[in-house]
Structures are given as C-alpha cells and as structure tokens.
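These notes are about the structure you will find just below.
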Amino acid sequence: MRSKSLLLLPLALSSFVAVSAAQGSPYAAAVVNYNPGAGYAPGYTNVSAVIGQPASSGIDPFDPAYETNQILSIGAGGSVTVEFDRPIVHYPNGNRDFIIFGNSFLEAGNYFDPPDVWAANGEVINDGGATRVSVSADGVAFYTLNPALAPTVNDLYPTDGAGDFRKPVNPGLNPARFAGLTLSNISMFYDGSAGGASYNIAWAQDTNGNAADLRAIRYVRVDVLTNSAQVAGFAAVEGTALAEDFSNNPAADGWQAFGDANLFTWQPAGQEMHVTWDSTKPNSFYFHPLGTVLTSNDAFSLSFDLLLTGADTNEDGTNALELGIGFLNLAGAENPNFLIGTGENATNLAEFEFYPAAGEYGGLPSLDATLIDTNGYYYFAYDDIPWGFGMFYHVTITHAAGTSALTGQILANGQLYSTLPGGFSEGTGDFRLDAVSINSYSDAGTAALDFPSSITADGFVKNMFVTAPPPPVTYLSGAFTNNAWQAQFWSRTNWNYTLEKSANLQTWLSLGPAAAGTGGPLALQDTNTPGPSVFYRVSASPQ
C-alpha cells in the first residue's frame, strides 16, 4: 500500500507557509476594494454580487446572469479585489487553482426557435474588455498572472448554473468546439462544470517576469484594461485539476516516459502527442504523477481527444490487444511481470481502452472503460461500434465515489457517439491509482495462450484534463502548543494519519496510533519534549 508523507522541520519553520485550517467557503468571502473605472454599466455596482456562490437559477451558456445583484461591472481603469476566508492552495501536480465567472454567453444561430433546440454558432458574446488578474497571499504584495497564459475574464466559459462552480471546464476547448451544439451537448463537454475561466497560481510572476513561487493565496484582483468586464463570482477549485493541452513541452510540466520513450513524441505544431502503440515493445507509459492516491472512495475523471490513423494486429497474434489511456499505479505497472494480455499481475487500472477490429470482436472495434482492482478483478463498460480513423473523438471516463465501476462517454463531432452501454463485472473492489498515463502494452505471454494477441496502432492525443480529489494533507502548519510540537492540517475522509519523527531522516518513529481523517482540521501532537535536532512528518495512507 502506497502512502504519502509530508515533512515538517521544526527548526526551520520559515520554509513553510503557515495557513489557517479553519473551515471556510470555496467562494470569495469579501470585497476589499472596488473601483468601477470608466464605462462601467450603471446600476451594476453591488459588490455583494461577487461574494459567495455565483447565481445559478435560470442561468445556462445561452442565458447569462444579468440582474444587478448577479454581476459587478468594471470599466476601463477599474478593478475589484476579493478575499477568501480560507487559502487557495496551489497543488504542484495540478494546474488550475481558482475560477472567475462572468456573464458571457454562446450565441445561438437559431434564436427564433424554441430555447430547447438552440444551437451554438461557435461565437462567444462578451463585453470585449482586456483584463489582468493578480493574486496575493497577504493582500499587500500582488503578483500578476502571466498574461500570455491567463484567460480573459468574462470570456470562456459561459456559466452553466446546473454545474459545479468548483470544477473547471477543460481549458483546451475553444469556441469552435461548441458550434452546432445544443445545451445538452454543451453540458457533455462541460463534464459537470459550471464553466468560468480557470487560473493557475503558478502563472504568478513579479515585475521582472520571474516566477513568484506562491504556495497559497487569499486575494484575487481583476483589473480591466480596456472597455469593460462583468464579474459574477470567484471560486477555488476543489481538488486538483490537471490540464495538459500540449502547447508546451510536456516533459517540462512533469510528464515522464517509462519503457520505450520513442513511442511518445511531442508535436508542438499540432499541440498534441504523437503515440505509437506497439505490443512488440515492452510495456511503455507516458505518465504524469497525480500527487495523491485514488481509491474506490474517490470521485475522479479524465477527458481527452484521440485521433487514430490506423490500428491492427501484427504477427505476434491475430486477436486484438488493447491500447489504453487512463490511470494506473506506477509501482505495479512498472513491474516486469505486469502483463495485461495474460492478466498476470494486471492490477490497479482505470482507463479507456480501444481494441482493433480483429479476432473475437467480429469485425468491429471494441471501445471500453475498464477498471481493474487491487486483486486483479475486472469491470468494464463497452460498445462494439465502428471507429473512424483520421478524425478526433472526445473521450471521457468517470468514476463515482464509493463505486466499483467506471463509466464512459464518447463524442464524435460534438455529438454523443456512445455511452458504452454494455457491461461486465467480476465483482471488483478497492484499488490504488497514482498517475495518469498513455499506455502501450506488451503482448508478452499471449503466444502461449489459446488467444495470442497483439496491437499496432498510430495516433494523436491532445487536450487531456484530469479532475481528482486534493492531496491527503493540505493547509499544513506546525508549531509548539503548550510546550508540545503539533502538526495541524486539513485531512480527508477515508485516510489515516500518523505523526512520525526522526533524528536522521532515515529511521522514523510513529508517535501514537493512526488517526482517521475527518474531512476537516486535524491536529497530531508529540507529547514528549523534542530533542535538539528532530524532524517531523505526517504520514497519510488510504483506508
């Protein structure tokens, strides 16, 4: 069982960010400064409009917020600064940390028809104001988010009041992707999000353009540079949201290769990964660590665009072996005995799988959402339907918390193509996943079976987007309390926590039994007097 540990160094507390662990809202709690600027909309100056959860009733991507108590107007030269009553933590393995909502909307090409058949024409209507977003930990020193990366406030994505305001939309989706789509199809692309423009604290930079390296913030400021902008609210992302559009070299963003690295080639011109799936090669993965461990208790999802130029079997076997894109357990998958074609040691996996049209599949490919638990038991949802080579499909796989199943959804040209309606289960249980990955599997061992299997495929992957729970330890701080060392942090349910100490960073001593996470603040204490040089850490393990 893999665990996560975070170090506390009591003699060097200045290297840590001490942040409050008090219960708080994920939405802006107060407006600390508002300047309406020039050219703002008269009557839309009620600052309470951007406090708390944005308005949701009757609001969708075609019908934005418009009432005076729903949006705050800011003209050229104006600004608004909001404060959160709990920190917005930047998770290094996730790159969307907070969301700003506006009142932009998708223009329908058939507004004279009934609203339930309105279809977007690919244009976003907004006020056209250029904006600058800045963040601060203390409300004094503000750092501008890199304008080359930060989205314009009140542009994409129009608010969907039926969605989750704490979950961002995949930022790889451009307005053209919504052309011709009705509200129900747009909701599929939103994947449960309420929309808004999402931002990464790592984009913060000083006046010289150097990275600010902020671990947490409490303040967000929006400056309007031209025209005007309407703001409907602010929200912290709940959990981690890893967005990889491959516009930059993914190796610089934490992606790594295992096995044959030549199977994975970044294509900057197309902002995509070129992948060769070749089962004659050893198991090979292009992966990004999640920074946490996913279990059956967690809700998580993955979406991506996939284009295959071709797929078939090879001389190693006439039955189809799968290609995979999803979540895995690195330690298990990197084991030489992990052989998915035989089922040997194939454990801890949740992925979309594509089987070419061969062998037992009767001339049609099989599209699967497959879950394999810690004991190697399978669950998969599937559909045996045609797959068009040379075109992108939008694939989403989702796991609901507390279940032992995986669901899938595939869109073709923005329209629902399959929900993978077929299903099979061996009675799956718990699992442990710690990385998102593009997977090329070896066909080793299948030749000795009655169904020798193989795959040779070529294609492109782009616009990957992961949503997952936060790391098990957040808002971490440490201090002496009544002459005893105490670690305070925000815990998660279904995790156990132990405070450990060491004199040499090699040997660790547990200071009492494990404490169950509460989903809120938790404190662990060393009741003994620390020595002159002692190190502490919090060890977290999934239940």
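Looking at Asp383, Asp373, Asp305, can you tell me which residue is open to solvent by 10 Å² or more (accessible area, probe 1.4 Å) and modelled with pLDDT of 95 or more?
From the options Asp383, Asp373, Asp305, the qualifying one is Asp383.
Condition check: without any contact (Cβ under 8 Å) to a residue 60 or more places away in the chain and more than 22 Å from Ile397 (Cβ to Cβ). Does Asn174 satisfy that? Explain how you work it out, then say what you get.
Numbers: without any contact (Cβ under 8 Å) to a residue 60 or more places away in the chain: yes; more than 22 Å from Ile397 (Cβ to Cβ): yes.
In short, yes.
Run down Asn297, Asn314 and say which single residue is within 30 Å of Ser539 (Cα to Cα), surrounded by fewer than 21 Cβ atoms within 10 Å (Cβ to Cβ) and touching a residue at least 60 places away in the same chain (Cβ under 8 Å).
On the way: Asn314 fails: within 30 Å of Ser539 (Cα to Cα).
Being within 30 Å of Ser539 (Cα to Cα), surrounded by fewer than 21 Cβ atoms within 10 Å (Cβ to Cβ) and touching a residue at least 60 places away in the same chain (Cβ under 8 Å) holds for just one of Asn297, Asn314, which is Asn297.
Mind counting the residues in the stretch 394-422 that are open to solvent by 50 Å² or more (accessible area, probe 1.4 Å), more than 18 Å from Leu302 (Cβ to Cβ) and part of a loop (DSSP other than H, G, I, E, B)?
Counting residues in the stretch 394-422 that are open to solvent by 50 Å² or more (accessible area, probe 1.4 Å), more than 18 Å from Leu302 (Cβ to Cβ) and part of a loop (DSSP other than H, G, I, E, B) gives 3.
Are there any pairs, at least 6 apart or on different chains, whose C-beta atoms fall under 6 Å, with the first in the stretch 227-240 and within 11 Å of Pro168 (Cα to Cα) and the second of a type in the set (Gly, Ala, Ser), and if so, which?
Matching pairs, first to second residue: Gly239/Ala468; Thr240/Gly94; Thr240/Ala468.
If you take the residues of the stretch 202-226 that are within 20 Å of the chain's Cα centre (by Cα) and crowded, with 24+ Cβ neighbours inside 10 Å, which of them is nearest to Gly77 (Cα to Cα)?
Filtering the stretch 202-226 down to residues within 20 Å of the chain's Cα centre (by Cα) leaves 202-204, 214-217.
Going one step further and asking which of them are crowded, with 24+ Cβ neighbours inside 10 Å, we end up with 204, 217.
Values: Ala204: 21, Ile217: 24 Å.
Per the criteria, the residue is Ala204.
With Gly390, Gly408, Gly341 as the choices, which residue is of a type outside the set (Val, Ile, Thr) and at positive phi?
Gly390 is the lone residue from the list that is of a type outside the set (Val, Ile, Thr) and at positive phi.
Against the conditions (1) surrounded by fewer than 20 Cβ atoms within 10 Å (Cβ to Cβ); (2) of a type in the set (Ser, Thr, Tyr); (3) outside any loop (DSSP other than H, G, I, E, B), where does Ser533 fall short? Just the number, please.
(3)
Within the stretch 235-259, restricting attention to residues that are of a type in the set (Asp, Glu) and outside any loop (DSSP other than H, G, I, E, B), which residue is most open to solvent (accessible area, probe 1.4 Å)?
Asp253
Mind checking which pairs have a first residue in the stretch 326-354 that is more than 12 Å from Val436 (Cβ to Cβ) and a second that is acidic (Asp, Glu) and at pLDDT below 95, Cβ under 7 Å, 6 or more apart or different chains?
Asn337/Glu344
Output the residues belonging to the stretch 493-510 that are buried (at least 18 other Cβ atoms within 10 Å of the Cβ) and either modelled with pLDDT under 90 or more than 22 Å from the chain's Cα centre (by Cα) (or both).
If the condition is that a residue be buried (at least 18 other Cβ atoms within 10 Å of the Cβ) and either modelled with pLDDT under 90 or more than 22 Å from the chain's Cα centre (by Cα) (or both), then Tyr497, Thr498, Leu499, Glu500, Lys501 are the ones that fit.
Condition first: part of a loop (DSSP other than H, G, I, E, B) and either at pLDDT below 90 or surrounded by fewer than 23 Cβ atoms within 10 Å (Cβ to Cβ) (or both). Now tell me which residues in the stretch 344-368 satisfy that.
Asn345, Ala346, Thr347, Ala357, Ala358, Gly362, Gly363, Leu364, Pro365 - these are the residues of the stretch 344-368 that are part of a loop (DSSP other than H, G, I, E, B) and either at pLDDT below 90 or surrounded by fewer than 23 Cβ atoms within 10 Å (Cβ to Cβ) (or both).
Given the structure, is Phe465 crowded, with 22+ Cβ neighbours inside 10 Å and hydrophobic (A, V, I, L, M, F, W, C)?
Answer is yes for this residue.
For the stretch 63-76, give me each residue that is open to solvent by 10 Å² or more (accessible area, probe 1.4 Å), assigned to a loop (DSSP other than H, G, I, E, B) and out of contact with any Pro (no Cβ under 7 Å at 6 or more places or on another chain).
Answer for the stretch 63-76, where residues must be open to solvent by 10 Å² or more (accessible area, probe 1.4 Å), assigned to a loop (DSSP other than H, G, I, E, B) and out of contact with any Pro (no Cβ under 7 Å at 6 or more places or on another chain): Tyr66, Glu67, Thr68, Asn69, Gln70.
Any residue at all in the stretch 189-201 that's among the aliphatic types (A, V, I, L, M), closer than 29 Å to Asn33 by Cα and assigned to a helix (DSSP H, G or I)? Give the derivation first.
Applying the first criterion (among the aliphatic types (A, V, I, L, M)) to the stretch 189-201 yields 194, 197, 201.
Subsequent filtering for residues that are closer than 29 Å to Asn33 by Cα retains 194, 197, 201.
Those still in the list that are assigned to a helix (DSSP H, G or I) too: 201.
So far as the stretch 189-201 goes, yes, one or more of its residues are among the aliphatic types (A, V, I, L, M), closer than 29 Å to Asn33 by Cα and assigned to a helix (DSSP H, G or I).
Mind checking whether some residue in the stretch 255-268 is touching a residue at least 12 places away in the same chain (Cβ under 8 Å), in contact with a Gly (Cβ under 8 Å, 6 or more places away or on another chain) and charged (D, E, K, R)?
No: the stretch 255-268 contains no residue that is touching a residue at least 12 places away in the same chain (Cβ under 8 Å), in contact with a Gly (Cβ under 8 Å, 6 or more places away or on another chain) and charged (D, E, K, R).
Going by what's in this entry, would Gly341 be described as of a type in the set (Gly, Ala, Ser), open to solvent by less than 50 Å² (accessible area, probe 1.4 Å), part of a loop (DSSP other than H, G, I, E, B) and more than 25 Å from Leu411 (Cβ to Cβ)?
Working: of a type in the set (Gly, Ala, Ser): yes; open to solvent by less than 50 Å² (accessible area, probe 1.4 Å): yes; part of a loop (DSSP other than H, G, I, E, B): yes; more than 25 Å from Leu411 (Cβ to Cβ): yes.
Yes: the conditions hold for Gly341.
Which residue is modelled with the lowest pLDDT, if the candidates are limited to the stretch 423-459 and must be open to solvent by 50 Å² or more (accessible area, probe 1.4 Å) and polar (S, T, N, Q)?
Among them, the one singled out is Ser425.
So Glu123 passes all but one of these: (1) open to solvent by 40 Å² or more (accessible area, probe 1.4 Å); (2) touching a helix residue (DSSP H, G or I) at 6+ places or on another chain (Cβ under 7 Å); (3) part of a loop (DSSP other than H, G, I, E, B). Which condition number does it fail?
For Glu123, the failing item is (3).
Looking at Gln525, Gln486, which one is assigned to a strand (DSSP E or B), at pLDDT below 95, open to solvent by 40 Å² or more (accessible area, probe 1.4 Å) and farther than 30 Å from Ala269 by Cα?
Answer to the selection: Gln525.
Out of the stretch 90-101, which residues are of a type outside the set (A, V, I, L, M, F, W, C) and open to solvent by less than 10 Å² (accessible area, probe 1.4 Å)?
Gly94, Asp97
Pairs only if they're at least six apart or on different chains, beta carbon under 9 angstrom, first in the stretch 93-108 and without any contact (Cβ under 8 Å) to a residue 40 or more places away in the chain and of a type in the set (Asp, Glu), second in a strand (DSSP E or B) and open to solvent by 10 Å² or more (accessible area, probe 1.4 Å); list them, first residue then second.
The qualifying pairs are Glu107/Asn121; Glu107/Gly122; Glu107/Glu123; Glu107/Val124; Glu107/Ile125.
Of (1) open to solvent by less than 10 Å² (accessible area, probe 1.4 Å); (2) on the phi > 0 side of the Ramachandran plot, Ile186 satisfies all except one. Which?
Unmet condition: (2).
For the stretch 63-86, which positions are out of contact with any strand residue (DSSP E or B) (no Cβ under 6 Å at 6 or more places or on another chain) and in contact (Cβ under 8 Å) with a residue 60 or more places away in the chain?
So the first thing to find is which residues in the stretch 63-86 are out of contact with any strand residue (DSSP E or B) (no Cβ under 6 Å at 6 or more places or on another chain), and the list is 63, 65-70, 85-86.
Residues satisfying the conditions are Ala65, Gln70, Asp85, Arg86.
Which ones in the stretch 504-520 are touching a strand residue (DSSP E or B) at 6+ places or on another chain (Cβ under 6 Å) and within 13 Å of Thr474 (Cα to Cα)?
Gly517
Filter the stretch 132-169 down to the residues that are open to solvent by less than 30 Å² (accessible area, probe 1.4 Å) and of a type in the set (Val, Ile, Thr), then identify the one that is nearest to the chain's Cα centre (by Cα).
Val169
The values are calculated or read from the model by the stated rules, or taken from the named source; none is laboratory data. In this text the structure is predicted, and so the values were computed from the model without any measurement. Counting neighbours? That spans all protein chains shown, and the Cβs are built from the backbone with ideal geometry, glycine included. Areas reflect the complete protein model, heavy atoms only, side chains present, ligands, DNA and RNA absent. Shrake-Rupley method; radii C 1.70, N 1.55, O 1.52, S 1.80 Å.
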